[in-house]
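Here the structure comes first, spelled out in structure tokens, and everything after it is commentary.
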Amino acid sequence: MLLISTSFTGLARGQAKNLGMPDMPTVVLPHPLGGTPLDTVLAKVDKQFDEIIAKLTTPLKPAVAGQGKIITTSEWVEIESADEWGGLQREFMARGWGDGLPLVPPTEARVAAMVRGAGLPAEQVVGVMAPKMGVATVELIAANAVMAGCIPQHMPVLVAAVQALVEPQFNLYGCQATTHCVAPLLIVSGPLAQALNINSGSGCFGPGPWANGVIGRAIRLILINIGGAHPGEIDKATMGHPGKFSYCIAEDETSVAWPSLRVERGFGGETSAVTVVGAEAPHNINDHEATSAGGLITTICGTMAESGQNTVYYTGEPLLVLGPEHAQTIAADGFSKDDMKKAVYDDARIPLTRFSPEIIERRLYRRHDIRYKNRGPGVMVTVAQRWEDVMVIVAGGPGKHSMFVPTFGATRSVTRPILKADGTPWLPAELKGS
């Protein structure tokens, strides 16, 4: 039986249907339930107690053959329109295909060209995407890439990103349906980043770079159209953030002699890789005055030590994006990347008194009782449960700025190599950006 609040009725029933249980008994309680006193919640339950008992004791209807079956085929839809940028756009939005911005019409010829860019059969299944449990074939990924404005050379990155998104540890289901403002951040590392003009420099999180914008947008359209996370219906983000339109950068692997993210995760040399991170929006860290690693670390950790972030409640992976000038100052004082991670773990700590009593009791004590419970109000809360969970990359242009990116927490980042069908790496000479 489903016991839900009014604001999540559509999500719960839609998921029951997707999972083959469309007749799952449901009891709907008045919203909200979370963040309300226990007595208030119990009073709501008491009012509908008889209904709850009845639903729990009534036999379910016999299952219908085929319910919940994953559909692996797709079909073309013919839409006639004389105005590609007027009436056709309204038709796309009426069908729920878009993200609120104009879409490039996914004609058969355009999709076929995009499929060829992947070097894989159109019908090949890349993954099954929650919460709709939609099958992401190469052709469907290509159709969404066309609508986002991609070129065929972007397809290998998108295929690798989808492979990463559907890994169990990423928890795509949770990321797609939560009220949290999480969006998958793509970090592209390796020689293909430059070949495809994926920006790792000035303004990498912002407007301008074509590849960053359209690759990130294609992932969002894939999450909506294949994964089924339509905003407000299944995607229940309370506010969201601009990265839910597009969230893609490249990693600067040359400014400091630290191992890049892909190298840390076992992919070096000619092998490029894409990492997906369930991320909030980036928070700026401004320090134009510090001339030493110690001074910068004080500012960085002071910015990262904030309550209200999921990374302190779960086994999260906070992401620190160091601007090249900050990274060079820190590296010049002899700090390795691991040293930087340990410094964040040791110094970015939050007094327990900065959390509400309810958060302390319901989250910190229940999830991490050994770490925090019965240790008094002076205990300091870490932004990660282990120093190894802190992620550090370099990106950005000139200027004394860095970025802190909190994560959803109930997710782990995943890195996948960008490979051809035969398992060898795609090389820059084979993928030239525009």
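The numbers here are math on the coordinates, done by the rules we state, and not lab data. None of the values given here were measured: they were computed from a predicted structure. Cβ atoms come from the backbone with ideal geometry, glycine included; neighbour counts cover every protein chain shown.
Estimated from the Cβ-Cβ distance and a Förster radius of 41 angstrom, the FRET efficiency linking Ala94 and Val45 is about 0.55. When the Kirkwood radius is taken over all Cα pairs of the chain, what Stokes-Einstein diffusion coefficient follows at 4 °C and 1.567 mPa s, in µm²/s? Here the translational diffusion coefficient equals 55 µm²/s. Beta bridges assigned by DSSP with both partners in the chain are antiparallel in approximately 70 percent of cases. Applying a threshold of 20 Å to the alpha-carbon distances of Lys337/Lys373; Lys17/Lys44; Lys17/Lys61; Lys17/Lys55 flags Lys337/Lys373; Lys17/Lys44 as lying beyond it. Exposed loop sites here mean chymotrypsin sites (Phe, Trp or Tyr not before Pro) with a DSSP loop assignment and at most 12 other beta-carbon atoms within 10 Å; the chain contains its longest site-free run at 86-434. Paramagnetic label reach from Asn197 (point 7 Å along Cα→Cβ; backbone nitrogen cut-off under 19 Å): within segment 120-163, residues 145-158. Counted without the sites themselves, the longest stretch of the chain free of GluC sites (Glu not before Pro) in a DSSP loop having at most 15 other beta carbon atoms within 10 Å is 290-434. Bridges between two residues of segment 282-407, per DSSP, are antiparallel at a rate of about 70%.
Mean sequence separation of contacting Cα pairs (under 8 Å, at least six apart), scaled by the length of the chain, corresponds to a relative contact order of 18 percent.
Computed from the mean reciprocal separation of all distinct C-alpha pairs, what Kirkwood hydrodynamic radius does segment 290-424 have, in Å? Taking the inverse mean of 1/r over all distinct Cα pairs, segment 290-424 comes out at 16.1 Å. Each residue of segment 309-319 is assigned a 3J(HN,Hα), and the resulting list reads 9, 5, 5, 7, 8, 10, 8, x, 10, x, 10 Hz, derived from the Karplus form 6.51 cos²θ - 1.76 cosθ + 1.60 (θ = phi - 60°), x at Gly and Pro. For segment 308-358 and segment 173-210, what is the centre-to-centre distance using only Cα atoms, to the nearest Å? Measuring centre to centre over Cα atoms gives 21 Å. Principal axis extents of the C-alpha atoms in segment 2-57 (largest first, rounded to whole Å): 35, 26, 11.
In plain terms, the chain from Asp83 to Ala332 could stretch by 83.8 nm, reckoned as 0.36 nm per residue minus the Cα-Cα distance. The simple Förster model, with R0 at 22 Å and r as the Cβ-Cβ distance, assigns Leu60 and Ser5 a FRET efficiency of 0.45.
One Cα centroid belongs to segment 92-113, the other to segment 372-434; the line between them spans 31 Å.
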